[in-house]
Amino acid sequence: MYLALMVICLVPGLSRPSPACAADQDAGTASTADDTQQAGQPAWLRRILGARSVTKKLPEVSNPTPYGETQPTTPFYETIPGFLQAPYGPPSFGPPYGTTHMLGDWGGVQPWLQKRGLYVALDVYEDLAGNVMGGKKRDYTVAGQVGMTLDVDWDRLLHSRAWTKDLWLHMLVVNGHGRNLSRLFGDNSNQVQQIYGSRGNVLAHLVWAYFEKAWFARKVDLSVGWIPTGVFFQNSPWVCNFMNVWLCGGEAPTKFLRGGRGWPSGNIGGILRVMPMKELYVMGGLFAVSPHNYNGGISGWSWAQDGLGRLSTQAEIGWLPAFGRNHLAGHYKLGAMYDNSRYDDLYEDIHGNPWVVTGLPARRQSGQTSVWVIADQMLVRRGPGEMNGLILGGYYAYASGQTSQIKHSFMAVLMDTGALWHRPLDSVGIAFLWASFSRSAILSQEAAATHGLALPGANFGVPYGIQGHETIYEAYYGFHIVDGLSIKPDFQYVNHVGGTTVFRDAVVFSTAMNVAF
């Protein structure tokens, strides 16, 4: 690839370099600036960080947070390994923690491993959060996780055999800890902390472990194994710039449905992606649906759970244009999921009456559907990379209201870098998040309240009152300290906590630190 880029850059008569060549030139300039910046650091810090690798053979991966927050980015067609050149986001198409580490090249260990096709990364994320007003009570928590990835390029490891070309193994395990702040202040429908839940009280919770193989110059790609569906589908690199879990780790309400559970829950299945041209991809997946609260058990390693007879099918089409001479990147996605399992109706019993009152079994609904639309567009470019500029984005999602507690959700975001104030590796963003609860869930809650019964819960928890809608306003600023180290203060205003008016609106402040070693 790089030989081809050099040829393109050196072809006489070209009046303007290609975006890839411009990115390479900018990367060289950035390297000089980084060396100058490191020389100005205190001696004790240089001793800890070690010397930066002077080789630029391996490009830095464009990482979505929290896999290396606010790190330098490169165009998706230069990432490692760059399968299909799109779509983007972990774990698709390369090491999700990237090739940039706070501790440099680990004294030469990282280049030695990568030349042999082994990409290893260790990441630590810690978040201190508290609601300073509103909610059921005021409280604070510290939640976080340690994650470790292993990505194996079998072609390099086995010295380029015929069957190993574009064959990879991806694996991620995490160890999580902490308390859920949202639950403490009375919100069972939302989570204001990015890293919390579904990790289990285990040493190493398995998030994904799957093989990936590409053919036809990486225009066709197949992934098979233990896969979080929401990482491939209904995903964009900016969603985890924000703390709120309605955005991060896949969008709500789809990822709260059993057939579409996202990170850190996995499903046994496979995904086929076809990219007939650089600006267009079509992707489809088939997954086993777990009837249990935890896919793979609480540890994620118990793949042979009972009751895996039902299947979830997901499909997505994406258009990835780049407008104008500055190649303003846009990403437009339309997708749907259908789960052929049977689920309890949230309101009707077998005779069409409220089961919460009659005590009869709930009516069983055949199938569960979700639809989503995701879009983002760069308005002003600040430098090379998919996220380096002023970006407007958002999404809308729908789920079957008879079986999902939330039926509609809408989010809008605006993000930029700190280039205007000479902090190009910093990031800043604001978001508006809104979700409405389904009519079936509300009717069931009203029936229970009328008869003095406990309010029923569903896939978004047990409410404290009759639900309607919930709105969150969020703003963050990400400080890039050194490569692999970032600190992100965050503000969230939660209107209608838990979708009800039982508690006062909550104000949440948090500060997260991410270290990619």
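Taking the Cα centre of segment 366-517 as origin, work out the dipole magnitude from +1 charges on Lys and Arg Cβ and -1 charges on Asp and Glu Cβ, in debye rounded to 20.
Values: 7 positive and 10 negative charges, 29 e Å.
The dipole of segment 366-517 has a size of about 140 debye.
Apply 1/(1 + (r/R0)^6) to the Cβ-Cβ distance of Phe211 and His451, taking R0 = 56 Å, and write down the FRET efficiency to the nearest 0.05.
Values: r = 53 Å, r/R0 = 0.95.
Given R0 = 56 Å and the Cβ-Cβ separation, E is 0.55.
Within segment 291-415, what whole-number % of the accessible surface is contributed by carbon and sulfur, with the 1.4 Å probe and all protein chains included in the calculation?
60
How many nm separate the modelled label positions at Met277 and Val132, each set 7 Å beyond the Cα in the direction of the Cβ?
Distance between label points: 5.1 nm.
Tabulate in residue order the Karplus-calculated ³J(HN,Hα) for segment 492-499, using 6.51 cos²θ - 1.76 cosθ + 1.60 with θ = phi - 60°, rounded to whole Hz; enter x for Gly and Pro.
9, 10, 9, 9, 6, 4, x, x
Search the structure for amide H atoms under 5 Å from the amide H of Asp139, placed 1.01 Å from N in the peptide plane, and list their residues when 5 or more places away or on another chain.
Amide H to amide H, under 5 Å and 5 or more residues apart or across chains, Asp139 pairs with Asn131.
Which residues in segment 442-482 place their backbone N less than 19 Å from a point set 7 Å from the Cα of Asn293 along the Cα-to-Cβ direction?
454-464
Could you go through segment 117-127 in sequence order and give the Karplus-derived ³J(HN,Hα) for each residue, using 6.51 cos²θ - 1.76 cosθ + 1.60 with θ = phi - 60°, rounded to whole Hz, and x for Gly and Pro?
x, 10, 10, 10, 9, 10, 9, 10, 10, 10, 10
Which one of Thr501, His480, Ala516 is farthest out on the positive end of the charge dipole of segment 403-517, using unit charges on Cβ (Lys, Arg +1; Asp, Glu -1) and the Cα centre as origin?
Thr501
Run the dipole for segment 248-395 about the Cα centre, Lys and Arg Cβ at +1, Asp and Glu Cβ at -1, nothing else charged, and hand back the magnitude in debye, nearest 20. Before the final figure, lay out each step's value.
Values: 13 positive and 11 negative charges, 95 e Å.
Here the size comes out at about 460 debye.
Give me the one-decimal nm value for the distance between modelled label points at Val224 and Trp319, 7 Å along each residue's Cα-to-Cβ direction.
3.4
Positive end of the charge dipole of segment 124-265 (Lys, Arg +1 and Asp, Glu -1 on Cβ, about the Cα centre): tell me which of Leu203, Asn180, Gly147 has its Cα farthest that way.
So the residue we want is Asn180.
Report the charge-dipole magnitude of segment 190-306 in Debye, nearest 20, computed about the Cα centre from +1 at each Lys and Arg Cβ and -1 at each Asp and Glu Cβ.
On the way: 9 positive and 5 negative charges, 30 e Å.
Magnitude of the dipole: close to 140 debye.
Under 21 Å Cα to Cα from Lys255, which lysines show up? Leave out anything in the same chain fewer than 8 places away.
In chain and number order, the partners are Lys333, Lys407.
Please work out the C-alpha center-to-center distance from segment 438-512 to segment 256-271 and express it in whole Å.
Going from one Cα centre to the other spans 23 Å.
Please list, or write none, the lysines whose alpha carbon is within less than 17 Å of the alpha carbon of Lys165, excluding same-chain residues fewer than 8 places away.
The reachable lysines, counting only those whose Cα sits under 17 Å from Lys165, are Lys115, Lys213, Lys219.
Output ³J(HN,Hα) for segment 248-254: one whole-Hz value per residue in order, computed from phi by the Karplus curve 6.51 cos²θ - 1.76 cosθ + 1.60 with θ = phi - 60°, and x for Gly and Pro.
Listing the rounded values in order: 6, x, x, 8, 7, x, 4 Hz.
Taking H placed 1.01 Å from N in the peptide plane, check which residues at least 5 places from Leu118 or on another chain put their amide H under 5 Å from its amide H.
Under 5 Å from the amide H of Leu118 lie the amide H atoms of Asp153, each far enough along the sequence or on another chain.
The values are calculated or read from the model by the stated rules, or taken from the named source; none is laboratory data. It should be emphasised that the depicted structure is a prediction, and the values quoted were computed from it without experimental measurement. Note that each Cβ is placed from the backbone with ideal geometry, even for glycine, and that neighbours are counted across all protein chains shown. Heavy atoms of the whole protein, side chains included, go into the accessibility calculation; ligands, DNA and RNA do not. Shrake-Rupley method; radii C 1.70, N 1.55, O 1.52, S 1.80 Å.
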